[in-house]
Amino acid sequence: MQIIKIDNLKSEVDGSAILKGIDLTINKGEIHVIMGPNGAGKSTLANVLMGHPSHEVTEGKVTFMGKDLLDMKVDERAKAGLFLSFQYPQEVPGVTVENFLRTAKKEVSGIMPMMTQFNKDVKKQMSDLDMDEKYLSRYLNQGFSGGEKKKNEILQMAVLNPKLAILDETDSGLDVDAIRVVYETVQKLANENNAILVITHYNKILNYIKPDVVHVLVDGKIVKSGDLSLAEEIEQKGYESFKNALDDASLSA
Amino acid sequence: MAQKTQIEEVDRGIYDVINPENHRFVADKGLTEDIIREISREKNEPEWMLEFRLKSLEIYKSKPIPTWGADLSDLDVENIVHYVKPNTDMKHSWDEVPEEIKQTFERLGIPEAERKSLAGVGAQYDSEVVYHSMQEDLIKQGVIYTDMDSAVKQHEDIVRKYFMTLITNRDHKFSALHGAVWSGGSFVYVPEGVQVELPLQSYFRLNAKGAGQFEHTLIVVEKGASLHFIEGCSAPKYSVQNLHAGAVELFVKEEAKLRYSTIENWSRNMYNLNTKRSVVDKNGRIEWVSGSFGSRVSMLYPMSILRGEGASSEFTGITFAAKGQYLDTGTKVVHSAPNTSSIVNSKSISKDGGHAFYRGLLRVTPNAVGVKSTVNCESLMLDNRSKSDTLPIIEIGNDQVDIGHEAKIGRISDETIFYLMSRGISEAEAKAMIVRGFVEPITKELPLEYAVELNNLITLELEGTIG
């Protein structure tokens, strides 16, 4: 059962092409990992799927939960069950984490969560993430360390219970302990009804999360997909060989 | 004084309901000596007040319209009826207030607020205060809370000692006009050592078309006493330009504390040219919380004169300028005694071509050593048609001071909107959340019902511009 199907997705920023034809299908219950060198278009893919206004889709089609994703506004995508854990979460002064979580939950689920039960659930999830409850009354991401911001993203994921969670470099800026806590939580949140797409260039996270499929993204295209052994191949050979593969592919095309 | 109160939410629609005009007495348009005499006779005032009014009229006629700040060239002062008296006398029970006027206040939620939480309420409808009450025990402690017109007669000694001594009729054209035609307003006297635990509140409303509002508020907080006074204002929309030139004089004595909170929400044709001043004695404290919404033009700079050693002031202000609005607001602090301290926190929001101008003055006299002061101004523009300016004037008369100043001007960030929307929040609500967050440091200074009203006002101001 498909959660998302991406066909030949191409995008531009200020007239320069970034995504050059992405094809990717993710089914229920699957965890996918996209790896690739800096500048390959990994974060762009995440932002395009979420609907970032500065990315223009020039070609392609994305079907999410049976609907045309590219036709939806950003908030509608979230309501349909898409979630993005941001690489650089925004600071929002004056808006507490608690208020933000409840508002988001209300919007995504369509019903105002019961205060006491909601707070109880959130506190449980915070404790799993090794986050102090005091963060609930802090302003959203303001003055948070890099690691706290990322944990706060995963907390939002846990609260909103999306169909597809895209984690954009969630490991960057985290120390080893935090990476373990974050990915163990993500692994726990994975179930047979949802799917997770992890974007990273750091394959150590594969110690904590077990993907079903690994993709290599180079220069705006997925050049190779495979199982966990592909990650090991990257570890040994680096991305250079995949870049060459891309050149060969474009030559033969 | 951190008492939180609960009130029903206020709907913007009620501000725009216009009642039929039904007044006993309407002064002729324009301003003459005869009109002043008529106002004074109608009020049955003592002779000295009439003389004061006539003197003020003379000064008013001799002073030019100010040419700095807002453009007042469209303001036709001759065409504004200066005094309109509603067809009722002051009542002490809500049931006795005429139905139509009562409904207006009911719609604004005033009696409910009073019943639920406030120590006393004075509501001004056009020029006269129609309803007044105060808790019994405060009366027993000697606290006086009444309308200014009654105070002139019943507490003549106190009024005469303080009235227009802090804001004089020579200060500027509109203070002179105020001196000539002032009517209504609140008078509060808190005797030495009395702590008024719950806030006192008054609510102003302009209803008659083209009527100016010239209410006078005089508050005296004696040695070691404390008070929180709240004023709320709203006016329905009219096509004729309205003028508001009120005066607020606050006297804070030694070791006394006064917190003065206002949320002003005027109709979009209003010229709001208000003067507010406080003078603070040794170790006394004045706290201003000031919200400026609505009006076509506002010029408002509440002033704190710290004249006693160790006196302190804190100003927290929020200004929201939308389409067609020019709001020139800020605060003035004069440190004229040693070891005085002040904090200024000002936030402004502009959208749809609105213009928010912060104009502030911080003055330290040569003898005032050991002064500490922090000034923070932040502006948020919601689009690139809107304008924001900051003009903080700092005059320091000696070098033994500790002054900090920070000003920030910013635009609402697309990245932040995207982030909030990615969590299912609509664009409109995302913007509202960012704006509410921006003003949160001010909202939290307000009693709950005003915080709710402030948030509602922001939501209403944001409506119609987002789509």
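The values are calculated or read from the model by the stated rules, or taken from the named source; none is laboratory data. The shown structure was predicted, so the numbers you read here are calculated from the model rather than taken from an experiment. A quick note on method: Cβ atoms are made from the backbone with ideal geometry, for glycine too, and the neighbour counts reach across all protein chains shown.
Could you tell me which numbered condition A:V13 fails, if it satisfies all but one of (1) within 14 Å of chain B (Cβ to nearest Cβ); (2) within 23 Å of A:V186 (Cβ to Cβ)?
Unmet condition: (2).
Which one of these does A:T103 not meet: (1) under 29 Å from B:A428 (Cα atoms); (2) touching a residue at least 12 places away in the same chain (Cβ under 8 Å)?
(2)
Determine the pairs where a residue that is under 18 Å from A:L197 (Cβ atoms) and touching a residue at least 40 places away in the same chain (Cβ under 8 Å), located within the stretch A:49-75, has a partner that is assigned to a helix (DSSP H, G or I) and hydroxyl-bearing (S, T, Y) with Cβ atoms under 7 Å apart, the partner being 6 or more residues away or on another chain.
Once the first residue is under 18 Å from A:L197 (Cβ atoms) and touching a residue at least 40 places away in the same chain (Cβ under 8 Å) and sits in the stretch A:49-75, its partners that are assigned to a helix (DSSP H, G or I) and hydroxyl-bearing (S, T, Y) give A:H55/A:T44.
Could you check the stretch A:112-166 and list, in sequence order, the residues that are over 18 Å from A:Q87 (Cβ atoms), part of a helix (DSSP H, G or I) and among the polar types (S, T, N, Q)?
A:T116, A:Q117, A:N119, A:Q125, A:S127, A:S137
Pull up the stretch A:203-227, narrow it to residues that are assigned to a helix (DSSP H, G or I) and surrounded by 15 or more Cβ atoms within 10 Å (Cβ to Cβ), then point me to the one that is modelled with the lowest pLDDT.
Checked the stretch A:203-227; the qualifying residue modelled with the lowest pLDDT is A:N203.
Which numbered condition trips up A:G21, out of (1) in contact with a Pro (Cβ under 6 Å, 6 or more places away or on another chain); (2) more than 16 Å from A:V214 (Cα to Cα)?
Of (1) in contact with a Pro (Cβ under 6 Å, 6 or more places away or on another chain); (2) more than 16 Å from A:V214 (Cα to Cα), only one is false for A:G21: (1).
Where the second residue is modelled with pLDDT of 80 or more and not in a loop (DSSP other than H, G, I, E, B) and the first is polar (S, T, N, Q) and lies in the stretch B:198-226, which pairs have Cβ atoms under 6 Å and are six or more apart or on separate chains?
B:Q201/B:I230; B:S202/B:S186; B:S202/B:E231; B:Q213/B:H244; B:T217/B:S186; B:T217/B:V248; B:S226/B:Q195; B:S226/B:K257
Farther than 25 Å from A:E184 by Cα, outside any loop (DSSP other than H, G, I, E, B) and of a type in the set (A, V, I, L, M): does that describe A:V62?
Yes.
What number of residues within the stretch B:413-440 are more than 7 Å from every other protein chain (Cβ to nearest Cβ) and assigned to a loop (DSSP other than H, G, I, E, B)?
1
Step by step: first the residues of the stretch B:150-185, then only those that are in a helix (DSSP H, G or I) and among the β-branched types (V, I, T), then the one that is farthest from B:N44 (Cα to Cα). Which residue is that?
Taking the candidates together, the pick is B:I158.
Search the stretch A:160-177 for residues that are modelled with pLDDT under 95 and pair each with any residue that is crowded, with 16+ Cβ neighbours inside 10 Å and outside any helix (DSSP H, G or I) when their beta-carbon atoms are under 7 Å apart and the residues are at least 6 apart or on different chains.
As it stands, the answer is A:E169/A:Q87; A:E169/A:I199; A:E169/A:T200; A:T170/A:S85; A:D171/A:T200; A:S172/A:Q87, since those pairs meet every condition given.
When the residues of the stretch A:67-88 are filtered to those that are in a strand (DSSP E or B) and of a type in the set (D, E, K, R), which remaining residue is surrounded by the fewest Cβ atoms within 10 Å (Cβ to Cβ)?
Going through the qualifying residues, I end up with A:D68.
Please enumerate the residues belonging to the stretch A:83-116 that are more than 8 Å from chain B (Cβ to nearest Cβ) and aliphatic (A, V, I, L, M).
A:V97, A:L101, A:I111, A:M112, A:M114, A:M115
Name the single residue that is farthest from the other protein chains (Cβ to nearest Cβ) among those in the stretch A:39-48 being assigned to a loop (DSSP other than H, G, I, E, B) and in contact (Cβ under 8 Å) with a residue 24 or more places away in the chain.
The qualifying residue farthest from the other protein chains (Cβ to nearest Cβ) is A:A40.
Can A:M126 be described as within 20 Å of the chain's Cα centre (by Cα), more than 8 Å from every other protein chain (Cβ to nearest Cβ) and surrounded by fewer than 18 Cβ atoms within 10 Å (Cβ to Cβ)?
No; evaluated as a whole, the condition is false for this residue.
Checking B:C377 against (1) at pLDDT 95 or above; (2) touching a Ser or Thr at 6+ places or on another chain (Cβ under 9 Å); (3) more than 14 Å from chain A (Cβ to nearest Cβ), which single condition isn't satisfied?
(1)
Taking the criterion of being within 9 Å of chain B (Cβ to nearest Cβ), hydroxyl-bearing (S, T, Y) and surrounded by 14 or more Cβ atoms within 10 Å (Cβ to Cβ), would at least one residue in the stretch A:54-66 satisfy it?
no
For the structure I just gave you, tell me whether A:A78 is within 14 Å of another protein chain (Cβ to nearest Cβ), out of contact with any helix residue (DSSP H, G or I) (no Cβ under 8 Å at 6 or more places or on another chain) and modelled with pLDDT of 95 or more.
no
Against the condition away from chain B (no Cβ under 11 Å) and under 17 Å from the mean Cα position of the chain (by Cα), how does A:G36 come out, does it pass?
Yes.
Checking B:D414 against (1) surrounded by fewer than 16 Cβ atoms within 10 Å (Cβ to Cβ); (2) in contact (Cβ under 8 Å) with a residue 12 or more places away in the chain, which test does it fail?
Failing condition for B:D414: (2).
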